[in-house]
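Written below as structure tokens is the structure these notes are about.
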Amino acid sequence: MKIRYFDNAATTKVKKEVVDKMFPYFVESYGNPSSLYTLGRTAKVGIEEARRQVADLIHCDKNEIYFTSGGTESDNTALKGIMYLNKNKGKHIITTKIEHHAILNTCKTLEENGYKVTYLNVDKDGIVNLQELVNAITEDTVLISVMFANNEIGSIQPIKKIGEIAKEKGIIFHTDAVQACGNVKIDVKEMHIDMLSLSGHKMGAPKGIGALYVHKNMEFKNLIDGGHQERDKRAGTENVPGMIGLGEACKIAKNNMENHVNRLKELRDMYFSEVKNQIPDIKINGSMEHRLPGNSNISFKNVNGNELLMKLDEKGICASAGSACSSGSSIPSHVLTAIGLESKYAEGTLRVTFGDENTKEDVEYLVENLAKMIKEIRANL
């Protein structure tokens, strides 16, 4: 049975070009980058080239890029690294109610250690209110962290405007851009972004590699002690093949952005149109105007999301419930709760996220099976 994969927001297939670029660093240029001999220096040169490729994707200097193990570490480093360093200046953070748990649970830890966090509301489309953000700022505010684009409903925040507010108030601005990088054009200077998190496995690179952009004038406290890697900010022998892979993925994303985005939009819009035509009682979640190109999040009234996922899996279809916060749970996610979605819809939420390997035929197969399955599930209520 052919597998049809529609969960690219969870992880992507590693691109062949990325694997090919990584391979020599496993078996040929395998030296430790801290070594002085040629084998080590070759690995070091590869890392710096990858750093430049990551920087080029978001329009910053390569020395503003720090490699990490992924988005979660980048988020932790950004929030804790800034707040711990500036504890005498202030202890207030502003974020949103729909952040990834890498942000929310980091904020929870900070709260347990005496820091104060304001969680901004979002509207029905998952967008923050800029006036509410301004009103939340106090003399104690050190950091604003707002995700670039939501991993569940795909809504893209007004990042440039948030950056302008932060700059005007003299507050550091961090954005979790794990879902946005490779899918949205990002210019950290133009958008007044001070810190940005990204992750390789969301854009055709391997799992276990990511990066944190930090403005050259910004200081932060390192979380890992040890050697002098990553300019004393992230100790530990480098994941050289992973860094090479992330660099190559960023290069591909930069060079192919327009075609990639247009193709995903075409598949997504086809999917939305076919679902609306064939399945009654649905709600599309997230902004239609400001949305990731490959994201669709639809709630089906009076449908059990876990049951639907199992039926889809039997047909070789991989997707995400987008509603349950744990396996077997019918409790709506914090994102769906924040946008005010009714439980009779929220429990039947399906997130479908398209990637480069999906085709129109895949979309037709998905919708055909969805329509049959939902009809069966509703008939058995």
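So the values come out like this:
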quantity: Residue identified as under 21 Å from L212 (Cβ atoms), hydroxyl-bearing (S, T, Y) and buried (at least 23 other Cβ atoms within 10 Å of the Cβ) among S155, S197; calculated: S197
quantity: Among the residues listed as F220, F148, the single one being among the aromatic types (F, W, Y), at pLDDT 95 or above and closer than 20 Å to D56 by Cα; calculated: F148
quantity: Single match in G182, G163 (criterion: within 22 Å of N256 (Cβ to Cβ) and of a type outside the set (A, V, I, L, M)); calculated: G182
quantity: Matching residues, the range 183-207, being over 19 Å from L292 (Cβ atoms) and of a type in the set (K, R); calculated: K189, K207
quantity: Residue among G242, G286 that is closer than 30 Å to L85 by Cα and in contact (Cβ under 8 Å) with a residue 12 or more places away in the chain; calculated: G242
quantity: Test result for G355, in contact with a Ser or Thr (Cβ under 9 Å, 6 or more places away or on another chain), modelled with pLDDT of 85 or more and in a loop (DSSP other than H, G, I, E, B); calculated: yes
quantity: Residue that is nearest to E266 (Cα to Cα) [pool: residues in the range 294-314 that are open to solvent by less than 50 Å² (accessible area, probe 1.4 Å) and part of a loop (DSSP other than H, G, I, E, B)]; calculated: G294
quantity: Single residue of L212, L196, L143, L246 found to be out of contact with any helix residue (DSSP H, G or I) (no Cβ under 6 Å at 6 or more places or on another chain), of a type outside the set (V, I, T) and modelled with pLDDT of 95 or more; calculated: L196
quantity: Inter-residue pairs, beta-carbon under 8 Å, first under 20 Å from H100 (Cβ atoms) and in the range 123-136, second among the hydroxyl-bearing types (S, T, Y) and in a loop (DSSP other than H, G, I, E, B), 6+ apart; calculated: D125/S287; G126/S287; I127/S287
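The values are calculated or read from the model by the stated rules, or taken from the named source; none is laboratory data. None of the values given here were measured: they were computed from a predicted structure. Cβ coordinates were reconstructed from backbone atoms using ideal geometry, including for glycine residues, and neighbour counts include every protein chain displayed. Only protein heavy atoms, including side chains, enter the accessible area calculation; ligands, DNA and RNA are left aside. Shrake-Rupley method; radii C 1.70, N 1.55, O 1.52, S 1.80 Å.
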